[in-house]
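The block underneath contains the structure these notes are about, expressed in structure tokens.
The values are calculated or read from the model by the stated rules, or taken from the named source; none is laboratory data. This structure is a prediction, so every number in the text was calculated from the model and none was measured. When we count neighbours, we look across all protein chains shown, and the Cβ atoms used for this are built from the backbone with ideal geometry, even at glycine. Note: accessible area is taken over every heavy atom of the protein model, side chains too, but ligands, DNA and RNA are not part of it. Shrake-Rupley method; radii C 1.70, N 1.55, O 1.52, S 1.80 Å.
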Amino acid sequence: MEEKQKLVIVISRGFDDERSSVAWSIANSSVASDFDLTVFLVAAGVDWVRKGAADAARPNPLDPPIQDMMNNVMSSGGKILVCPPCAKVRGYSENDLMDGVVIAGAPAMLEVVKQGASTMSF
């Protein structure tokens with residue numbers, strides 16, 4: 001069986017920036033295109049996965065709700081990693097985050113890059 005092409009998307013944008021919606025839209029397109037996707041959330045991007053935080057968020061009204069896009073990424077096998085210091089400064093532990101989201105540092109993300117992943121940053 002052929003190995004899937006890997007993609008890492010780094011998201012640093014939060015609720016106040018439409019580019020975050022673009023990032024989640026591309027993440028959804030990647031899992032629909034059968035990529036092995038890892039999303040690495042840093043800075044304000046971490047806020048997306050706090051339980052309940054994205055329920056009504058829709059920075060671009062023409063995109064699906066962010067919560068729906070995040071759920072689709074995870075249900076399609078995509079992985080969502082959260083920068084440990086970025087979570088800590090916000091007072092978040094894994095219990096505060098959506099189920100399936102993992103607090104893991106840059107080495108975990110960079111391991112995927114070492115395996116040949118393409119990268120995108122928003």
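Things worth noting here:
- J(HN,Hα) series, region 71-84, from Karplus relation 6.51 cos²θ - 1.76 cosθ + 1.60, nearest Hz, glycine and proline x: 4, 5, 4, 6, 6, 8, x, x, 10, 10, 10, 10, 4, x
- With contacts taken as Cα pairs under 8 Å at a separation of at least 6 residues, region 19-122 carries a relative contact order of 31 percent.
- Whole-Hz ³J(HN,Hα) from phi, Karplus 6.51 cos²θ - 1.76 cosθ + 1.60, for region 92-99, glycine and proline x: 8, 10, 4, 5, 7, 9, 3, 4
- Amide N proximity, region 23-54 versus residue 113 label position 7 Å along Cα-to-Cβ, cut-off under 13 Å: 40-41
- For the chain, the share of DSSP beta bridges that are antiparallel, to the nearest 5, is 5%.
- If you sort 30, 76 by accessible surface, 1.4 Å probe, largest first, the order is 76, 30.
- 5 angstrom amide H check on residue 40, placed H, neighbours 5+ away: 9, 10, 11, 81
- Accessible area per residue, Å², the chain with all protein chains present, probe 1.4 Å: 51
- Descending Cα extents along the principal axes, region 5-54, whole Å: 30, 18, 16
- FRET E, pair residue 33, residue 55, Förster distance 25 Å, beta-carbon r, rounded to 0.05: 0.40
- Counted by Cβ distance under 14 Å from residue 55, the other residues give a net charge of +1, where Lys and Arg count +1 and Asp and Glu count -1.
- Fluctuation leader among 26, 80, 66 - the chain, Gaussian network, Cα springs under 10 angstrom: 26
- Cα gyration tensor, region 58-122 - rounded (a/c under 1.5), prolate or oblate: oblate
- Based on the reciprocal of the average 1/r between different C-alpha atoms, the Kirkwood radius for the chain equals 14.2 Å.
- With a cut-off of 15 Å between beta carbons, the residues surrounding residue 95 carry a summed charge of +1, where Lys and Arg count +1 and Asp and Glu -1.
- Furthest towards positive pole of dipole, 66, 82, 35, structure part the chain, Cβ charges: 82
- Under a 5 Å amide H cut-off, with hydrogens placed 1.01 Å from N, residue 6 pairs with 36, 118 among residues at least 5 apart or on other chains.
- As a calculated quantity, the FRET efficiency between residue 2 and residue 62 at R0 = 30 Å, using C-beta atoms, amounts to about 0.30.
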